[in-house]
Amino acid sequence: MSPKSKCYPLLPAIRTAEGELTECALLLEGGSLRSIYSAGVCDVLMEHGIHPGVIAGVSAGALCGWNMMARQIGRFAHIGIYHRHDSRYAGLQAIASDGGLVGFRFLLETVEELYPCPTGMREEPSRRFIAVATDCKSGEPFYAERDVFTPFEKALQASSSLAFSSRMVHEQGKALMDGGYSVSVPLEWAQKEGYDKKIVILTRPVTARKNPISDAKRRAFAAAYSRYPGFLDAVNAVPENYNRLREEIQRQRDAGELFLIAPAEDLPMEKMEGNTDKLYLCYLLGRRDALQALPRLKEYLKA
């Protein structure tokens, strides 16, 4: 384990959350290390007995949700903050073992040894978990479900595999990459599955919008992924799809069709933030926003 050079007193000790499942779907946006905000929200939900029966996450949101499936309060935050400068997580050892900037072997294997979860906790038969990746052949979202897609660790890896910095995941005849290239929040999936109560956690303000992709970026993707025209179409459509979905989330929030927890303004950190004090602050911001929203959330779930 990496030495803990600093102590963060408000980071909760890792512990198991008890309680019955809650009839709702939790939908998690990605955003690389910005998902530390989501970890703060998820910890508060677990502390107050809210355990969504369905969790679906995109990219780093899937990794955050996978920790929530283990019912481990504080676990994702401990990993993200105390191991930020562990080169097995992001650095030379990650490059050597995984061929990319993110060490998936560390995140999906070593972490399970360092922070073991209670046996069988992620296998609750009445609970669903979906990791969203992008099918590079079609350019469409691929909803990999626990117990259906095996090995599921490959789905989690694919969901967070960014272009240029991670390898494409080839599994079950599919070529998969980060889910954010095709959908930022699996809202449409949840609606098609018939979930009435939906909690959406964003890592950027709901008012955030993306600008059109630059010509230089288009050329870079075209040169690197010319074998996957469907993937290139998805990449080029990211800003339009992202902005349209943001507007739909706002509409449904205002109509009471979903419950939204999101930062009011951009988090004071970068996507691959190296300052652990900032990561800690953003975790606490997630906790603060969740605690403030808790009374309204409980009313929404009961209605």
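Points worth noting:
- Cβ-Cβ contacts under 6 Å between residues 6 or more apart (or on different chains), taken from a first residue in segment 1-26 that is within 30 Å of Lys302 (Cα to Cα) and assigned to a loop (DSSP other than H, G, I, E, B) to a second residue that is at pLDDT 95 or above and polar (S, T, N, Q), are listed as Ile14/Gln72.
- Across segment 105-119, the qualifying residues are those that are open to solvent by 40 Å² or more (accessible area, probe 1.4 Å) and assigned to a loop (DSSP other than H, G, I, E, B), and the one among them that is nearest to Ala158 (Cα to Cα) is Pro116.
- Of the strands (runs of 3 or more DSSP E) that lie entirely inside segment 163-280, those containing 3 or more residues that are closer than 17 Å to Ala62 by Cβ span 174-178, 198-201.
- Residues considered: Arg122, Arg204. Of these, the only one that is at pLDDT below 95, among the charged types (D, E, K, R) and either under 29 Å from Leu21 (Cα atoms) or open to solvent by less than 40 Å² (accessible area, probe 1.4 Å) (or both) is Arg122.
- Lys192 vs. criteria more than 24 Å from Met121 (Cβ to Cβ) and either modelled with pLDDT under 95 or open to solvent by 40 Å² or more (accessible area, probe 1.4 Å) (or both): yes
- Residues located in segment 29-74, provided they are buried (at least 24 other Cβ atoms within 10 Å of the Cβ) and among the basic types (Lys, Arg): Arg34
- Scanning segment 99-109 for residues that are under 20 Å from the mean Cα position of the chain (by Cα) and more than 14 Å from Leu63 (Cβ to Cβ) gives Gly100, Leu101.
- Total residues in segment 244-269 satisfying the condition of being touching a residue at least 60 places away in the same chain (Cβ under 8 Å) and open to solvent by 40 Å² or more (accessible area, probe 1.4 Å): the figure is 3.
- Filtered residues of segment 36-58 (kept if out of contact with any Gly (no Cβ under 6 Å at 6 or more places or on another chain) and closer than 17 Å to Leu162 by Cβ): none
The values are calculated or read from the model by the stated rules, or taken from the named source; none is laboratory data. Since the structure is predicted, the reported quantities are computational estimates derived from the model, not experimental observations. No Cβ is skipped: glycine too gets one built from the backbone with ideal geometry, and neighbour counts run over all protein chains shown. With ligands, DNA and RNA removed, areas are computed over all heavy atoms of the protein, side chains included. Shrake-Rupley method; radii C 1.70, N 1.55, O 1.52, S 1.80 Å.
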